[in-house]
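*Asks:* Can you keep this structure in mind? I'll have questions shortly.
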Protein chains: 2
Amino acid sequence: MTTDTIAKEVAVSFEVGGKVCKLGGIAKGSGMIHPNLATMLVFLTTDCAISAEMLQAALSGDIQNTFNMVSIDGDTSTNDMVALMANGMAGNREITEKNDDFKVFAQALNTVTVQLCRMIAGDGEGATKLLECTVSGADSMQVAKTVAKSVICSSLLKAAMFGADANWGRVLCAIGYSGADVDVTKVDVAFRSAKGSISVCKNGAGIPFSEENAKEILLEKEIEILISVGSGTYSASAWGCDLTYDYVKINGDYRT
Amino acid sequence: MTTDTIAKEVAVSFEVGGKVCKLGGIAKGSGMIHPNLATMLVFLTTDCAISAEMLQAALSGDIQNTFNMVSIDGDTSTNDMVALMANGMAGNREITEKNDDFKVFAQALNTVTVQLCRMIAGDGEGATKLLECTVSGADSMQVAKTVAKSVICSSLLKAAMFGADANWGRVLCAIGYSGADVDVTKVDVAFRSAKGSISVCKNGAGIPFSEENAKEILLEKEIEILISVGSGTYSASAWGCDLTYDYVKINGDYRT
């Protein structure tokens, strides 16, 4: 049985040494998603010529910032999987070291994996919205990732997003309990969607904003939660979804 | 505003050096509850004569196994608080060291705090059931607590409990992703309530059981999830509640 509601597929083209390479991926999964490569399945294929070692290096480096930054329900599955296969049929010079070609490949891979992450999160069990939390200005990558993951995992914030409520207090709360070393007096929070963006918190304190405008922004299907935590140079994103009646129905009321 | 639906109060009597002492507590809180003494408020009072140092020692030791083992939604509040006050009016000889009197006091304290934890968890936002997960046979207290807390925090298991489904696979999954060093081939799982108990997993594998009987047990208001992880001597309990439509309503749909 699957609760996926959309086919999750994406592909890109890129050039290595004058040869056009392609990289595509498909993913499956909508519940029990909080990968720690750990019922998410992802298959990535490419015709790029690249050594097994470099293929593994590209994938291992990528998933820390992509699939491991997705959470639908906080429940890590027993059998998540990401497979990346390359057959070299693009005819490019084989990538065997971390050179500029490798960077091009890694960037192409990241474009595909981020899109798959967004598809998985947006199709979370019962979800009505894709949430993307981007933390910038952090002093380290670990701080940026810890904060982003904590916010995206908060049941309270997920429920507020379902209700289209710009409840920035719940964002700050999740930052606080994440344990990350963050100066709350330097934290800014904004919400953004196709309907525009709205700042709701500046230097750790609430600022006046139009509730009506905020609601219009938050009624969209894709919501960005933008958090700046200072003047550092690190940033990270995490992906999740809102917590809805249908999540409870799918996981609690399926027998009745 | 509070979403508490019951008054949470409990008191006990105990004897120190021939004098009867009393210890009582009141608690407030039903959402944003995942204390890490971190909107839970608990006030405990006693007339026992006990030094400030011993009072702090008793409380600090206790909360690690009580309030810090409660989770309603995984969201640690910014302002949880437990206060314990003693006025010495019981007239007992003052407790100033970790002697037998201290043990009696600590036991009385634990009786009160465990009851308050159960009241808080059972009155969780939207909850229809109190869940108590007890892990035994662990090689260390840390393993027992990590497993109990992981299981009680699982959104998937919380939703299954709402649906009265003996979904032991979700229990095993939460044990697995807890990171605790547990041999899955030694894990037994049973559910228990006022209607009896039922074993559902033995040595890490499902065993045949009556779904009808399991449902009858799980339709009760207080459910114990009993997990044995081996032949160690440590055990720990954690308290939580089911994940329901009303949790989403209270935290997501309050404006509409």
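The values are calculated or read from the model by the stated rules, or taken from the named source; none is laboratory data. These numbers come from a predicted model, not from an experiment. So basically every Cβ, Gly included, is an ideal-geometry build from the backbone, and we count neighbours across all protein chains shown. Keep in mind that these areas ignore ligands, DNA and RNA; they rest on the heavy atoms of the full protein, side chains included. Shrake-Rupley method; radii C 1.70, N 1.55, O 1.52, S 1.80 Å.
*Asks:* For B:VAL104, state whether it is β-branched (Val, Ile, Thr), open to solvent by less than 50 Å² (accessible area, probe 1.4 Å), assigned to a helix (DSSP H, G or I) and out of contact with any His (no Cβ under 7 Å at 6 or more places or on another chain).
*Replies:* no
*Asks:* In the range A:107-118, what residues are at pLDDT 85 or above and open to solvent by 40 Å² or more (accessible area, probe 1.4 Å)?
*Replies:* A:GLN107, A:ASN110, A:THR111, A:ARG118
*Asks:* Suppose we filter A:VAL143, A:VAL104 for residues that are under 27 Å from A:ASP181 (Cα atoms) and away from chain B (no Cβ under 14 Å); which single one remains?
*Replies:* A:VAL143
*Asks:* For the condition of a type outside the set (Asp, Glu) and in contact with a strand residue (DSSP E or B) (Cβ under 9 Å, 6 or more places away or on another chain), what is the one hit in A:LYS186, A:LYS215?
*Replies:* A:LYS186 is the lone residue from the list that is of a type outside the set (Asp, Glu) and in contact with a strand residue (DSSP E or B) (Cβ under 9 Å, 6 or more places away or on another chain).
*Asks:* Which of the residues spanning the range B:226-256 are away from chain A (no Cβ under 14 Å) and closer than 28 Å to A:ASP242 by Cα?
*Replies:* Once the filter is applied, which keeps residues that are away from chain A (no Cβ under 14 Å) and closer than 28 Å to A:ASP242 by Cα, the range B:226-256 yields B:ALA238, B:TRP239.
*Asks:* While we're on this one: Exactly one of (1) within 14 Å of another protein chain (Cβ to nearest Cβ); (2) modelled with pLDDT under 80; (3) at negative phi is unmet by B:GLY124. Its number?
*Replies:* (2)
*Asks:* Any residue in the range B:129-140 that is modelled with pLDDT under 90 and within 14 Å of another protein chain (Cβ to nearest Cβ)?
*Replies:* no
*Asks:* Within the range A:124-141, is there a residue that is part of a helix (DSSP H, G or I) and over 19 Å from A:ALA27 (Cβ atoms)?
*Replies:* Yes, the range A:124-141 has at least one match.
*Asks:* Of the residues B:LYS195, B:LYS221, B:LYS215, only one is charged (D, E, K, R) and within 30 Å of B:LEU59 (Cα to Cα); which?
*Replies:* Exactly one of B:LYS195, B:LYS221, B:LYS215 is charged (D, E, K, R) and within 30 Å of B:LEU59 (Cα to Cα), namely B:LYS221.
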